[in-house]
Amino acid sequence: MDCDVDLKSYVLGEATSAQRGAVNAHIRECSACREELGRLRAAQAALMTLREEEPPRRIAFVSDQVFEPSWWRRLLAPHPAYGLAAAGLLAAAIVAHGAMARPAARVDQAAIEARVAHQIQQKLDARVQTAVTQAVANVEAQDREKTAALLAATEKRFAEQRRADLIAFDENSEILYKRVARVLAQNDGPAAAGVTR
């Protein structure tokens with residue numbers, strides 16, 4: 001860039017009004033100077049965000065005590081021994097808690113087993129009783145059905161036998177009347193021939 005303009009004094013506000021007018025006219029025509037001015041303004045804005053600090057009065061050496069932290073800062077600074085001390089305290093707290101805690105009541109294993117066995121036996125008895133009651137009810141229902149079927153079959157058989165007996169009685173009585181009529185006809189002659197049933 002061969003432009004003869006002082007952008008730094010323009011950005012820092014040190015340019016005269018004539019120099020500022022010349023820079024403004026040049027920036028309108030030169031894109032490279034426009035970009036450079038943008039970069040300078042961004043750098044200035046970044047520098048303005050920094051905090052102002054007072055420079056040190058003198059440079060300290062390693063052997064100086066000036067920058068050495070105070071005793072309480074050294075005490076609070078992280079150290080590997082602190083981790084070991086914390087682990088020891090935790091272990092001591094666990095042991096103390098275990099020693100101070102009341103011992104758990106002894107469990108009577110035999111009593112628990114007896115109670116469990118008794119409960120199991122009660123449940124089994126209840127299930128067996130339910131199954132027996134159901135089985136008896138089923139058998140009684142089947143017996144009632146069989147009895148009803150046998151009774152119906154027997155009544156039907158007796159009704160058929162009664163009908164057959166009545167038919168046989170009617171046939172036998174017919175035959176008997178005919179024989180009686182024949183015997184009477186033979187014994188009494190023509191006067192007995194009019195005997196009817």
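The values are calculated or read from the model by the stated rules, or taken from the named source; none is laboratory data. Just so we're clear, the structure is a prediction, and the values are computed from it rather than from any experiment. Here Cβ is always computed from backbone atoms with ideal geometry, including for glycine, and neighbour counts include all displayed protein chains.
Which of the residues that make up region 49-88 are at pLDDT 80 or above and surrounded by 10 or more Cβ atoms within 10 Å (Cβ to Cβ)?
Selection gives Gly88 alone.
What pairs come up if the first residue lies in region 141-153 and is in contact (Cβ under 8 Å) with a residue 12 or more places away in the chain, the second is exposed (fewer than 10 other Cβ atoms within 10 Å of the Cβ) and hydrophobic (A, V, I, L, M, F, W, C), and their beta carbons are under 8 Å apart, counting only those six or more places apart or on different chains?
Correct list of pairs: empty, since none qualify.
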